[in-house]
Amino acid sequence: MSDVYDVLVALGVSRKEVEAAEQNGTLLALAAERFLLPGEREFDTAEVAAQCGVEPETLTKLWLALGFPRSVDEKVLTAFDIEVLRTFLRDGSVSDYSLHEVRVISASLCRVAEVFVDEVWDAHRAAGQSERDALSAMAGVDLDRMEQILMYVLRRHLVAGFYRRSALHDQAMQYGAPSLAIGFADLAGFTTFSQDMNSTELAGLLVEFERTAYDVVVELGGRVVKTLGDGVLYTSQSPTAAADIALRLAELGDELPPVHVGLGWGPVLIRHGDCFGPTVNLVSRLVACAAASEVVIDSAMAQQVAQDDRLSVTALGARDLKSFGDVPLYRLARRTDPS
């Protein structure tokens with residue numbers, strides 16, 4: 001165990017901790033913790049709260065909002081934790097709104113972190129390495145590069161976000177409420193065909209669908225709001241662009257299992273990167289009405305694209321949709337002969 005101990009002792013880990021981690025299979029996680037969060041574990045929650053100038057319960061609320069379980073009363077926190085937590089607690093308290101913001105940011109960063117964890121974890125599993133052998137992977141993690149990438153992407157998204165918000169503000173000033181195209185696409189019959197797939201095949205399919213759908217949405221000027229397993233929710237300020245995206249997604253069945261799409265147009269509340277309102281709720285119903293490789297739209301979207309001679313809109317009649325009553329539905333397709 002000397003090779004393992006030599007790697008970890010430099011990170012402040014005791015031999016006893018190494019032995020315990022080997023026994024319970026958390027050796028790689030222990031190495032990651034000490035590499036990514038350096039410093040001596042010398043403070044418990046009460047001591048950190050005192051140094052931040054807040055009550056322990058305030059610190060606990062923040063810790064939970066960050067996505068971490070309530071800390072046990074042990075010395076598991078470092079001077080680095082105190083330094084960063086002070087930036088959250090500089091006025092001695094956290095409001096409910098601030099905690100909500102923290103939850104949104106933390107949930108997004110949790111997914112980002114999983115991407116980097118997958119990269120290291122999958123590499124060592126594919127190579128058939130033991131946790132001991134995989135310790136070298138931690139030394140290969142370039143934290144400076146990771147942080148530089150995250151900050152660069154954040155700055156770019158901030159700029160894009162301000163441009164989107166400016167456009168929505170102009171709409172609101174003209175029409176009273178900003179309207180957007182909302183599209184939802186998912187794999188048709190996913191529950192049925194996924195039962196015949198093993199976990200590796202299923203993961204590969206979902207990754208491929210997410211990658212392909214994301215590229216289609218972004219390439220045509222839309223924004224991916226979120227992915228939901230076998231589904232993707234997107235927005236666009238242009239109804240025709242949203243229609244092009246929907247049709248492209250419905251055509252993915254040539255490479256993937258069939259995809260069906262619901263698409264609507266109407267007022268939308270954009271908040272913390274997500275979207276809300278009746279239009280979003282309606283679109284979630286529309287996708288269930290679409291057959292495989294079909295795009296179903298509402299009447300508002302049908303009116304928006306009616307003058308586009310590249311597109312065909314066919315009335316499907318009304319459907320009784322939960323919470324909406326009878327809703328006229330339309331099939332969106334490409335016009336085979338625009339002339």
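Would you kindly derive the ³J(HN,Hα) couplings of the range 55-63 from the backbone phi angles with the Karplus curve 6.51 cos²θ - 1.76 cosθ + 1.60 (θ = phi - 60°), listing them in order in whole Hz, with x for Gly and Pro?
Calculated HN-Hα couplings, in order: 6, x, 5, 5, 5, 4, 4, 5, 4 Hz.
Going highest first, how would you order 234-247, 88-101 by mean Cβ packing within 10 Å?
Result, highest mean first: 234-247, 88-101.
Using a Cα-Cα cut-off of under 21 Å, which lysines could be cross-linked to Lys322, ignoring same-chain neighbours fewer than 8 residues away?
Excluding near neighbours in sequence, the set is empty.
List the aspartates and glutamates whose Cα sits under 20 Å from the Cα of Lys226, skipping any in the same chain fewer than 8 residues away.
The reachable aspartates and glutamates, counting only those whose Cα sits under 20 Å from Lys226, are Glu101, Glu114, Asp118, Asp186, Glu208, Glu210, Asp215, Asp244, Asp274.
Can you list the lysines whose alpha carbon sits under 28 Å from that of Lys16, skipping same-chain ones fewer than 8 residues off?
Lys75
Read-outs: derived from the displayed coordinates by stated rules, not from any lab. Since the structure is predicted, the reported quantities are computational estimates derived from the model, not experimental observations. Glycine gets a Cβ as well: all are built from the backbone with ideal geometry, and neighbour counts include every protein chain shown.
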